[in-house]
1. Being aliphatic (A, V, I, L, M) and surrounded by fewer than 16 Cβ atoms within 10 Å (Cβ to Cβ), is that true of even one residue in segment 351-365?
2. What residue, of 398, 357, 429, 378, is in contact (Cβ under 8 Å) with a residue 60 or more places away in the chain, closer than 24 Å to residue 318 by Cα and touching a strand residue (DSSP E or B) at 6+ places or on another chain (Cβ under 7 Å)?
3. Could you give me the residue pairs with C-beta distances under 9 Å whose first residue belongs to segment 162-185 and is closer than 15 Å to residue 210 by Cα, whose second residue is of a type outside the set (Phe, Trp, Tyr) and in a loop (DSSP other than H, G, I, E, B) wherever it lies, and which are 6+ apart or on separate chains?
4. So, of the residues in segment 221-279 that are aliphatic (A, V, I, L, M) and not in a strand (DSSP E or B), which turns out to be nearest to residue 301 (Cα to Cα)?
5. Going by what's in this entry, would residue 333 be described as touching a helix residue (DSSP H, G or I) at 6+ places or on another chain (Cβ under 9 Å) and touching a residue at least 60 places away in the same chain (Cβ under 8 Å)?
6. If a residue must be at pLDDT 80 or above, loosely packed, with under 15 Cβ neighbours inside 10 Å and either under 16 Å from the mean Cα position of the chain (by Cα) or assigned to a strand (DSSP E or B) (or both), how many such residues does segment 182-219 contain?
7. Are any of the residues in segment 154-167 modelled with pLDDT under 80, out of contact with any Pro (no Cβ under 9 Å at 6 or more places or on another chain) and either within 26 Å of residue 260 (Cβ to Cβ) or of a type in the set (Ser, Thr, Tyr) (or both)?
8. For segment 227-282, which positions are of a type in the set (Ser, Thr, Tyr), under 23 Å from residue 186 (Cα atoms) and either in contact with a Lys or Arg (Cβ under 6 Å, 6 or more places away or on another chain) or open to solvent by 40 Å² or more (accessible area, probe 1.4 Å) (or both)?
Amino acid sequence: MVRLKKRYWISLSILFLIVLFCLYGWHYWQSFKQKHGIMVDWHGASLGFEGLTFDELTVSKQSQISITAKNLLISWSYLSANNLDIHWQVNQSETVVDSVENVVDTATDNLNQSDFDLSLISTAVYWLPNNIHIDTLRFYEQDKKQFDLKVDISKQQEAIQLDVSTNTQEIAQLSATLFVNQTASRVDIQNGLLKTSLNQLGLENSNLTLPFTGWVSGHQLALTTSDKASISLEKANLSDDLFLGSSSGQLNIQLESKIPFDSNKLSVIAMLTVNKLNGTYKSSEIKSVTGDVNIIIKDNQFTVSTPALNVQEVNMGIAFEKLKLVGSYSASFKAPSKGIVTWNKLEANVFSGLVFIEENKLNLAKLPQQFNLGLKQIQLKDIFDKYPAEGLAGAGVIEGGLPITLLEVKKRGETALNLVIKNGRLATINEGYLQFENSTLKNYAQSNPNMKILTDIIKNFHYTKLQGTVDYANDIAKLGLNIQGSNLDVENGKAVNLNINLEENITKLLMSLQLSDQISEPIRKRIEDNLKKGSSK
């Protein structure tokens, strides 16, 4: 018996210590549960060589959070679960604080009272199993599922490798290596990579690839993407009026955020390089947009600017080619449509000439606002060639300016922007000619002999002066022309002074011009629908 005691006393002592440790741990766990109101329930628990397993384990705190794991395996080096469901409930019975400002101040003071304590994270990382695998991690807030993820975590030397992917149709993959930086009191993020398919919010078959690095502390998060970040779009129905086609580009982002997250203190700098973008806006077709777009978010404000944006063509019935834009738009998130538009350059080629808007700044919160549209070296011959009419030809160069007033109007209970032009001016800068002769005009002259001289004159009318006034409101344009010149073949070239007044619904005219041109089928269908709606009124 003495020999037996001497042989096994070391093993019995170790077993005794383990029992004491387990009893102490159990006592501590019971006290912890009682203090924090935590309840634990399990089914199918067993202990084997692989570790401790549960068919189902639930840890919950009444009316706040519930965590349920199914087919759970726990060992010193491995943790796995087929399903891990987290249900979070906002406590509606919490006491309402009298002053929101006091809550913010108190929270800020608490955050500032202590620095980011990495010791807890370091301890957690130390005791963390070498590998964690969860097939399905679902998070619910107020019983509404927020996300469904697959999670893999592996411990490396002084680091943690994190791999997360979605279990839904919106495919997304996130991977990163996390390092505990004791010197800087933060967790550094390296080799981060986010890949996702953007098949929501009107996007189809679109992909985003964001390699990134960064760090997170107790009070702040900072992320920066690398030069290899990219975005591609196949289709994007952003609204009833705006549709984007195939496009690709590079994207760089610098993000800083306070912890806990506060949208008012979010800081983002994004730079997007557009390689090629096609799309439509209302009934206008946009072809081949290239250039750089910068986005800055700070202090609940955002600014979208471009140092150089080029558009091959914008077809709205009249084709504007080689459009160039340098400008910006700044606004508050509280009133995104009431910002300030600034441009240093906005011009396009049309009819071998140039149309441009003079450098200006508009405050959309203080309408009406005014800006000037200029026309330079517009060729009459190109207009007649592009939009031919039977028996009509001519040549000359037109320049002018159109003062445009931007107004805010109410349409069907909604606020919309409207354009008005008053006393716009057009004039030729040299001599030219007009020729107009067709069967309709001949029949008109035969039935009205008093107009025969006029019809003969405009068969080959050489003008020395052509000028006009332009007014536009409510889709109706009014053009008043004064033409001075002569026809050398009629009445010995007697000088003639012609005054002509024209009135046209510009919206319908542009739509009809588009229908006669080569346009995409979606644009054609949209125009035809609009024309049908207009005729039914």
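1. Residues of segment 351-365 that are aliphatic (A, V, I, L, M), as a first pass: 354-355, 357, 362, 364-365.
Going one step further and asking which of them are surrounded by fewer than 16 Cβ atoms within 10 Å (Cβ to Cβ), we end up with 365.
Looking for residues that are aliphatic (A, V, I, L, M) and surrounded by fewer than 16 Cβ atoms within 10 Å (Cβ to Cβ), one finds at least one in segment 351-365, hence yes.
2. 398
3. Hits for this filter: 165/171; 171/199.
4. It comes out as 266.
5. Details: touching a helix residue (DSSP H, G or I) at 6+ places or on another chain (Cβ under 9 Å): yes; touching a residue at least 60 places away in the same chain (Cβ under 8 Å): yes.
It is true that residue 333 is touching a helix residue (DSSP H, G or I) at 6+ places or on another chain (Cβ under 9 Å) and touching a residue at least 60 places away in the same chain (Cβ under 8 Å).
6. 2
7. Within segment 154-167 (the criterion being modelled with pLDDT under 80, out of contact with any Pro (no Cβ under 9 Å at 6 or more places or on another chain) and either within 26 Å of residue 260 (Cβ to Cβ) or of a type in the set (Ser, Thr, Tyr) (or both)), the answer is no, since none of the residues qualifies.
8. Our first condition is that a residue be of a type in the set (Ser, Thr, Tyr); within segment 227-282, this holds for 230, 232, 239, 246-248, 257, 263, 267, 273, 280-281.
Right, trim to under 23 Å from residue 186 (Cα atoms) and you get 257, 263, 267.
Across segment 227-282, the qualifying residues are 263, 267.
The values are calculated or read from the model by the stated rules, or taken from the named source; none is laboratory data. Keep in mind the model is a prediction, meaning the values are calculated, not measured. In this analysis, Cβ positions are derived from the backbone assuming ideal geometry, glycine residues included, and neighbour counts consider all displayed protein chains. Ligands, DNA and RNA are stripped out before the accessible areas are found, and what is left, the full protein with its side chains, is counted by its heavy atoms. Shrake-Rupley method; radii C 1.70, N 1.55, O 1.52, S 1.80 Å.
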